[in-house]
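Trainee: Before we start, here is the structure in question, set down as structure tokens.
Just so it is clear, none of the values below were taken in a lab; they were calculated from the coordinates. It should be emphasised that the depicted structure is a prediction, and the values quoted were computed from it without experimental measurement. Every residue, glycine as well, gets a Cβ built from its backbone with ideal geometry; the counts of neighbours run over all protein chains shown.
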Amino acid sequence: MSTQVKTQPQTITVKRSGRPLTTWGPPLLVLAGILAIWFVISALLGDRDFLLPPPNEVLTQAFFNPSTMGDILQSLGRTATVALTGLAVAIVIGVLWAVAMSQARWVERSLFPYAVVLQCIPILALVPLIGFWFGFDFFARTIVCVMIALFPMVSNTLFGLQSVDIGQRELFQLQKAGRWTVLVKLQFPAALPAIFAGMRISAGLAVVGAIVGDFFFRRGSPGIGSLIGNYQSRVQGAELFAAIITASLFGVLIFAIFGWIGKRAVGKWYDFGSS
Amino acid sequence: MPHMTISATTTHLLNFQDVAMTFPDGTTALSGVDLTVNRGEFVTVVGPSGCGKSTLLRIASGLETASEGTVELDTDRIGYVFQDATLLPWRNVTANVELLAELNGVPRKERADKARKAIDLVGLGGFEKNLPKTLSGGMRMRTSLARSLTLDPELFLFDEPFGALDEITRERLNDELIKLFTEQQFAGLFITHSVSEAVYLSTKVIVMSGRPGRIVDTFEVPFPMPRDPDIRFTPEFAALVGDVSHALREGHS
């Protein structure tokens, strides 16, 4: 007696650009271009090539030198600890902050301006103060990191929570769903793509924040920022470049990891576009 | 004073008496609307866009409160199908169909049973694990229908659900809706701007005029349920469609 309609099960597969040449070719070409220009400039500098040592020198003197690389990686490890701790704290505070604001207009009106203020204050000017207040150690560095990485988490999460389709909202309203149910079953899942996009931005900023912290707080075990400072003052061009490149690669790596996590988590139903 | 009561004494499921709706910005969407949906009836409201027919449904469902008049509802089992399928993109078909039962605290096993039955009823068997983005527009609307069916509605409200679908899909879904109506025994209040869809689906067609929305005419549809698809090509059907269209045009001018 049931209304049966036969339809063939079908799956629609979304094609992704799969050919490695078209994916990796263009950026590699740009890299080759940058390296070529780099070579030319350091050749033109002649005697003063400590200002910009040629790429091969950076490789042989720093990257292939176990003791230099050992120093760089060890200090990067300390910086990474600060960055990841700061990022974790920023994610938790950012999401809670945004959830609080999403619950009532008056909370949003009271709290959002301060998220913007946080984004706008010159953190670099505040850093010495933070050192005076909280010491020059791990704790203070993490605070700097959180302050720099927090805003994208707050604004992205809030945007995500508020972007819920009005029809879906009414669907929940018709079942008299409570605030908490709407948050957990509708708003939060709907906000996940925006939250992951925010995490990617915050991850990059957290690394920057940790390095900035290193620059100012040189007490205790040095992070990669203070190592960069040392190389700079000793005019060790090759080592300086190796440290900067390593630090940047670390930032890129974290950015990529969070992109990947986001794709794994919501890529099945949400299309992030090409990235 | 506007008020909404759930009474058990009346024979009708839904009764509007002299209902008016004025929005805070001063626009009057409805004025002096009397409307009744009895058990066993499928009532369709046709009218030009912006005539307040969606507002009618929103008042009936409780999403809006009428500014004047009386609204009586004789059931709390109300299905509501939106213009858009409003599926949650992160849930597959089964999880989407289970949503309303889940929100109402129905135990896991019972709602899985309900969902399976509803999915079979709308012919989506085999697509249980599909995510909405892999479904066609018609299949999404079926999922949306199935979701409301899990509530075992006594009154089913439809807000132009097939308006965005192509003609062929729309006609198929019309036929399936009629089957569901005859088998599941809910009463329906259906909003559309298609006159032939209105006449084909319903036992009663109500014609509304625009700004402010009011009822200008009511037509009983005499054809037996379930409807034979070929009824669309009979002179009687054409004549009724003509009458409704006339009423629509007169009300509009």
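Trainee: Just need the relative contact order of the stretch A:175-275 here, percent rounded to a whole number, with Cα pairs under 8 Å and 6+ apart.
Mentor: 34
Trainee: Cross-link candidates for B:K204: which aspartates and glutamates have Cα within less than 12 Å, leaving aside residues fewer than 8 places away along the same chain?
Mentor: Straight-distance partners of B:K204: B:E41, B:D217, B:E220.
Trainee: Further question: Positive end of the dipole of the stretch B:78-152, charges at C-beta (+1 Lys, Arg; -1 Asp, Glu), about the Cα centre: which of B:P89, B:A118, B:N104 has its Cα farthest in that direction?
Mentor: Projecting each Cα onto the dipole axis, the largest value belongs to B:P89.
Trainee: Another question, if that's okay. To the nearest 0.05, how large is the calculated FRET efficiency for A:R19 and A:S163 if R₀ is 35 Å and r is the Cβ-Cβ distance?
Mentor: That pair, A:R19 with A:S163, gives E of 0.55.
Trainee: Okay, next question. With n ≥ 4 as the cut-off for DSSP H runs, can you work out [θ] at 222 nm for chain B, using -39500 (n - 2.57) per run divided by the number of residues, rounded to the nearest 500?
Mentor: Mean residue ellipticity at 222 nm (helix-derived): -11000 deg cm²/dmol.
Trainee: If you don't mind, another one. Which three extents, in angstrom, do the Cα atoms of the stretch B:1-116 have along their principal axes, listed largest first?
Mentor: 45, 34, 25
Trainee: Do me a favour and compute the ellipsoid semi-axes for the protein assembly as shown from its Cα gyration tensor, root of five times each eigenvalue, largest one first, whole Å.
Mentor: Its equivalent ellipsoid spans semi-axes of 64, 26, 20 Å.
Trainee: Let me ask something else about it. Taking K and R as +1 and D and E as -1, what net charge do the other residues with C-beta under 13 Å from the C-beta of A:F50 add up to?
Mentor: Around A:F50, the surrounding residues sum to -2.
Trainee: With labels modelled as points extended 7 Å from the Cα through the Cβ direction, what inter-label distance (nm, one decimal) is found for B:S49 paired with A:V92?
Mentor: Label-label distance for B:S49 and A:V92, simple model: 5.1 nm.
Trainee: Also, quick follow-up: Give the relative contact order (percent, whole number) for chain B; include only Cα pairs under 8 Å separated by 6+ residues.
Mentor: Answer for chain B is 26 percent.
Trainee: On to the next question. Using the C-alpha atoms of the stretch B:56-198, what convex hull volume per residue, in cubic angstrom, is computed?
Mentor: Here the figure is 122 Å³ per residue.
Trainee: Short version: ³J(HN,Hα) in whole Hz for each residue of the stretch B:137-153, in order, from phi by Karplus 6.51 cos²θ - 1.76 cosθ + 1.60 (θ = phi - 60°), x for Gly and Pro, what are they?
Mentor: x, x, 5, 5, 5, 4, 4, 4, 4, 4, 4, 6, 4, 5, 7, 6, x
Trainee: Let me ask another. Using only DSSP helix segments of four residues or longer, with each worth -39500 (n - 2.57), what per-residue ellipticity at 222 nm results for chain A after dividing by its residue count and rounding to 500?
Mentor: Here the helix-only value at 222 nm equals -25000 deg cm²/dmol.
Trainee: Moving on to the next point. Name the lysines eligible as straight-distance cross-link partners of B:K109: C-alpha to C-alpha under 24 Å, and not fewer than 8 places from it in the same chain.
Mentor: Of all the lysines, those that pass the test against B:K109 - Cα under 24 Å, at least 8 places apart if same chain - are A:K176, A:K185, B:K117, B:K129.
Trainee: Fully extended, how many nm does the chain gain between A:Q74 and A:V30 (0.36 nm per residue separation, minus their Cα-Cα distance)?
Mentor: 12.8 nm
Trainee: Let me ask something else about it. For a quick check: sort B:C51, A:C145, A:C120 by the number of other beta carbons within 10 angstrom, fewest at the front.
Mentor: A:C120, B:C51, A:C145
Trainee: Among A:F63, A:A203, B:I78, whose Cα projects farthest towards the positive end of the dipole of the protein assembly as shown, with charges put on the beta-carbon of Lys, Arg (+1) and Asp, Glu (-1)?
Mentor: After comparing all options, I get A:F63.
Trainee: Expressed as a whole percent, how much of the Cα-Cα distance distribution for the stretch B:168-225 exceeds 12 Å?
Mentor: I get 70 percent for the Cα pairs in the stretch B:168-225 exceeding 12 Å.
Trainee: Dipole of the protein assembly as shown, Cα-centred, from +1 at each Lys and Arg C-beta and -1 at each Asp and Glu C-beta, to the nearest 20 debye?
Mentor: Value, rounded to 20: 1920 debye.
Trainee: Quick one: work out Rg over Rh on the C-alpha atoms of the stretch B:78-152, Rh as Kirkwood radius.
Mentor: We get a ratio of 0.92 for the stretch B:78-152.
Trainee: Let me ask something additional. Residues of the stretch A:209-237 with amide nitrogen under 12 Å from the 7 Å Cα-to-Cβ point of A:L249?
Mentor: Inside the label zone: nothing.
Trainee: How high is the FRET efficiency from B:E183 to B:E64, r the C-beta distance, R0 25 Å, rounded to 0.05?
Mentor: Using R0 = 25 Å, I get an efficiency of 0.20.
Trainee: Turning to a different aspect of this structure: With the calculation restricted to Cα positions, what are the radius of gyration and Dmax of the stretch A:53-266 in angstrom?
Mentor: My reading of the Cα-based Rg and Dmax gives 20.6, 69 Å.
Trainee: For the pair B:D113 and A:A104, how long in nm is the line joining their label points, each one 7 Å along Cα→Cβ?
Mentor: 4.3
Trainee: Might you report the magnitude of the Cβ-based charge dipole of chain B about its Cα centre, with Lys and Arg at +1 and Asp and Glu at -1, to the nearest 20 debye?
Mentor: Charge dipole, chain B, about its Cα centre: 880 debye, nearest 20.
Trainee: Follow-up question, since we're still on this one. If you split all Cα-Cα distances of chain B into 5 Å bins from zero, what percentages do you get per bin, shortest first?
Mentor: Calculated over all Cα pairs of chain B, the distribution is 1, 6, 13, 17, 19, 17, 13, 9, 4, 1, 0, 0 percent.
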